[in-house]
Amino acid sequence: MRWQGQQLGVGDDNALPGMEQLDGLVRSVTTPEFARVTFHEVAARSALNHVPGSSAMPFDWTINPYRGCTHACVYCFARGTHEYLDLDAGADFDSQIVVKVNVEEVLRRELARSSWGREPVALGTNTDPYQRAEGRYRLMPGIATALAESGTPFSILTKGTLLRRDLPLLAELKKQVPISLALSIAVYDDELQQAIEPGTPTAQARLDTVRAAADLGFGVQVFLMPILPHLTDSSEALDSALARVKAAGAARVVHGALHLRPGVKPWFMRWLARDHPELLGLYRGLYPGASTNAPQAYRTLLADRIRPLIRAHGLGGRSDGDPWRRPTAAAPSATATASRVVTTSRGRASAARSIQKTPEPARLF
Ligand code: SF4
């Protein structure tokens with residue numbers, strides 16, 4: 001592994017955020033509860049990752065306590081990042097998990113800096129913070145508490161039902177800062193879900209988590225994405241999925257077609273050739289060569305199909321390609337002071353670009 005044996009103070013420009021400099025305090029752990037998984041515990045130098053200004057991401061800061069993900073989604077766009085560690089984007093991504101065991105301590109130091117602007121922080125944008133490893137390491141309660149105590153709003157996106165463990169804590173912290181929760185639930189057919197997201201809880205278990213969060217007063221979003229061409233994109237499948245999302249108490253859905261970044265495309269196509277060889281030609285047509293996105297015509301067709309269904313089910317919704325608006329101010333709370341204003345440069349630019357005229361309540365997704 002590229003980072004093993006690095007000298008203290010020696011940086012690696014290709015390392016993942018927070019792992020540029022390692023001091024040799026790396027230990028690798030296997031345990032019978034996690035068959036075929038190795039945890040690489042690292043002492044990270046940073047917790048808050050600044051998203052480059054050129055990024056299309058709608059947030060400026062992220063925290064990723066884990067690298068790699070045992071949820072093992074075949075289509076996972078983060079797979080390629082494992083190659084920076086000289087690990088492969090396939091099975092290694094699913095089983096070689098880097099754990100920033102000191103993330104809370106480092107985060108508290110960063111949040112205490114006078115320069116910290118309390119801009120919204122996104123968790124779950126790269127790898128899943130509530131993957132199974134979180135049951136062993138319990139990093140999220142400390143992260144969430146540190147963020148809330150500093151007056152920093154945050155969002156969590158996950159496929160992990162382990163989120164339920166922390167819902168009472170998050171409901172308490174929500175009194176201090178805005179917290180957005182979202183469950184990623186893309187596949188509602190159990191057989192297909194087990195094939196393409198083999199490490200994830202079932203869709204129903206995730207919907208039950210939506211319900212539990214909604215019952216605690218969260219306006220939960222469901223990320224109904226990626227929608228898989230010819231597998232989950234029929235009107236019937238979308239209608240049935242949205243009915244279940246609505247019944248679970250979700251407030252909104254975010255939808256989008258499958259993206260296939262270069263790091264994941266070969267892995268995905270290998271899976272498709274094995275499980276759905278009849279679709280291989282269709283997918284090669286939709287995602288030819290190095291193309292990442294499905295053609296605009298397909299995405300328009302998909303949006304035209306799903307939007308009326310979202311309205312019919314009484315849900316709010318948007319596409320992952322819609323103009324993005326970020327909160328410009330944290331909701332006042334008992335502990336947040338007037339100086340704790342949430343504002344970001346990209347958020348202001350995005351808001352200015354937004355064509356929507358009716359303001360909606362601040363949200364982080
Ligand atoms: S849960 Fe998210 S981060 Fe984990 S493998 Fe699936 S898509 Fe990737």
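So here's what we get for this one:
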read-out	value
Any hit, region 122-135, residues being free of Cβ contacts under 8 Å to residues at least 24 places away in the same chain, within 16 Å of the ligand (Cβ to nearest atom), within 30 Å of Tyr287 (Cα to Cα) and of a type in the set (A, V, I, L, M)	no
Scan of region 105-120 for residues that are under 24 Å from Tyr84 (Cα atoms) and touching a helix residue (DSSP H, G or I) at 6+ places or on another chain (Cβ under 7 Å), ordered by number	Leu107
Pairs, first more than 17 Å from Gly199 (Cβ to Cβ) and more than 10 Å from the ligand (Cβ to nearest atom) in region 73-93, second modelled with pLDDT of 95 or more and assigned to a loop (DSSP other than H, G, I, E, B), C-beta under 6 Å, six or more apart	none
Unmet requirement for Ala44, which otherwise passes all of (1) at pLDDT below 95; (2) touching a strand residue (DSSP E or B) at 6+ places or on another chain (Cβ under 8 Å); (3) under 30 Å from Ala195 (Cβ atoms)	(3)
Failed condition for Gln96, given (1) buried (at least 23 other Cβ atoms within 10 Å of the Cβ); (2) within 16 Å of Val29 (Cα to Cα)	(1)
Matching residues in region 153-166 - criterion: being away from the ligand (no atom under 14 Å from the Cβ), in contact with a helix residue (DSSP H, G or I) (Cβ under 9 Å, 6 or more places away or on another chain) and closer than 15 Å to Leu123 by Cα	Pro153, Phe154, Asp166
Condition met for Leu162 (under 20 Å from Thr145 (Cα atoms), in contact with a Gly (Cβ under 8 Å, 6 or more places away or on another chain) and in contact (Cβ under 8 Å) with a residue 40 or more places away in the chain)	no
Helices (runs of 4 or more DSSP H) contained entirely in region 171-250, each with at least 3 residues that are more than 16 Å from the ligand (Cβ to nearest atom) and crowded, with 16+ Cβ neighbours inside 10 Å	203-215, 235-247
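The values are calculated or read from the model by the stated rules, or taken from the named source; none is laboratory data. Being a predicted model, the structure only gives us computed values, none of them experimental. Methodologically, a virtual Cβ is constructed for each residue, glycine included, from the backbone with ideal geometry; neighbour enumeration extends over all protein chains shown.
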